[in-house]
Amino acid sequence: MANEIGWICLSARSDFCTVTVIVSMLLMVIVSADIIHSLYFHPLAKFPGPMFAAVSRLPFAFSAVTGSTYKWLDRLHAQYGEVVRISPGELSTISPGAWKDIYLTRPQLKKDPYSQTPPLNGAHSLFTAHGATHARIRRLYVNAFTDKALKEQNPIIESHVQLLMQRMRRDITRADNNVIDIAKYYGYAALDIIADLTFGESFHGLEGENEHHMIVGIFLGAKFGAIRNSLSHFYPLDRLFGMIFLRLTARKRKQNYEFNEKAINKRLAMGDLGFQRQDFMSALIGNVNPGKEKGITRTELDSNSLAIIIAGCQLTTVALATATYLLLRNPVTYQCLRDEIRQTFLDEKEIDITKTQSLPYLSAVIDETLRIHHPTPINLPRIVPAGGLTIDGTWIPEKTVIGIALQTSQTTPLYWEDALGFHPERFLSPNDGRYESRFNKDNKDAFHPFSMGNRNCLGGKVFLAEAKVILAKTIFAFDLSLSNHVANDWMDQKAFLVFEPSELLVQVREKQVL
């Protein structure tokens, strides 16, 4: 009996080993066949790129998780050219001619769902909605971002800029050697402005001793989104990561959503204030109704309001900090801008949004900042429709995910003279005496900081208005210099959808009147 049992166990073990070997060999055959197909027979096999990326999405995912995607794309395009295969089914391009083919094609190309984080409340915003839903929401919001609307919103923006000046004047007198983290103050102003325009009330971060703890949460949310999106191709890792993150941040998210809901209710109750006050909500009053095909639901309003707050704060904070750093690292450029501002205005009170629009060098500084270090240095992926599509003269197979590598296209020597140098002069009119002819080589078709088409950034004009008036008033009122503690590689930052904010220590002194 014992011998029979032993023989049965030995036989079962042998059968198990045989099955294991067969299954392993079968898996090896399947994986090998998939690799061979990806490398030689896949519709994208003809496009250049690293071999590992052609057979696996792991390299792309690793770059996203480590906040180095823009650096990775820089290296790939430098090695392989304008169009690169960055994963088995995805291409990255930096070609200026691809912009119109990707973002202006009708019907519009769908956004890659793996590139965006699903809304927590299930209601889509302008950033995640598709098709008719996106068109409906955009039609409502577009009236809040016109030139006319911006002019009516100017008093709100300028009131917070004045508070920023007051807060900085107070705090530099308390700071050791007048050194403050100026990026933090830009963040305070950006968040208060965008909150007031969106909710009808700011977070009061510039007042008293208040500080904005929400700013950290905003950038942490971007980090979560980037990592979650990169893991979405590796189910169930994305779900597991999402569950852990959401549990860890549940209390803070609940506070933010409760504040969001309360602020919106308060603003809706105020109704249309006419000439008394114009903000983003003015265009939506009377259209918040789930029963209207052309209106917006309350949950959609919640999602959009929070999304606008996040985007507005991130873009302005990063851009202003970067502009300040670049100016102070380039004394001649800083002096040129300071001269333009101080020779145009005799008093700080004269500086407003309307007047700063006519300062060419100030505009050029903002453009050059966005070119060198765009706050959102990611690609903007779209899905090629059935039947394929010709993009910049190259036929791209259907179902391919393709996007413009924004940061790379704006800093490649293929299109830009002294591509990594800070030269606002390149964006001046050729008739301006400060313009240099060497910049005739620049391909400005590669510069679209707010994208293009009906999914472009609606808030671009608001951002420019904020950035110009804040930078102009700061440079008019104060003499600035970088602290010795600021590293030369300050701009070498991680980016998770947006660049992570870095402390920028600047010595800020009241300007010397000669």
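Some values worked out for this structure:
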| read-out | value |
| --- | --- |
| Cα-centred dipole magnitude for the stretch 42-510, charges only on beta-carbon of K, R (+1) and D, E (-1), debye, nearest 20 | 1520 debye |
| When the stretch 464-514 is reduced to its Cα atoms, the Kirkwood hydrodynamic radius in Å | 13.1 Å |
| Ranking of 102, 86 by count of other Cβ atoms within 10 Å, fewest first | 102, 86 |
| Linear extension gain, residue 262 paired with residue 399, 0.36 nm per residue minus alpha-carbon span | 45.1 nm |
| Set of lysines with alpha-carbon distance to residue 111 below 30 Å, sequence-local pairs under 8 removed | 46, 71, 100, 223, 252, 254, 292, 294, 399, 444, 461, 494 |
| Expected 222 nm ellipticity per residue - DSSP helices of 4 or more, -39500 (n - 2.57), all of the chain, to 500 | -16500 deg cm²/dmol |
| P(r) tail fraction, the stretch 42-510 - alpha-carbon pairs more than 38 Å apart, % | 24 percent |
| Footprinting exposure proxy for 358, 159, 68 (fewest neighbouring C-beta atoms within 10 Å first) | 358, 159, 68 |
| The stretch 390-514 pair-distance distribution - Cα-Cα, 5 Å bins, rounded % | 2, 7, 10, 13, 19, 19, 14, 7, 4, 2, 1, 1, 0, 0 |
| Extension reserve of the residue 343-residue 500 stretch, reckoned as 0.36 nm per residue once the Cα distance is removed | 53.0 nm |
| Extension gain (nm, one decimal) between residue 456 and residue 170, 0.36 nm per residue minus Cα-Cα | 99.1 nm |
| Simple label model, 7 Å out from Cα along Cβ direction - residue 104 to residue 431, nm | 2.5 nm |
| FRET efficiency, residue 489 to residue 513 (Cβ-Cβ, R0 25 Å, nearest 0.05) | 0.10 |
| Ordering of 384-392, 199-207 by packing [mean C-beta count within 10 Å, highest first] | 199-207, 384-392 |
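Values in this text are rule-based calculations from the coordinates and carry no lab data. Here the structure is a predicted model, which is why all the values come from computation and not from measurement. Note that we place each Cβ from the backbone using ideal geometry, even for glycine, and neighbour counts take in every protein chain shown.
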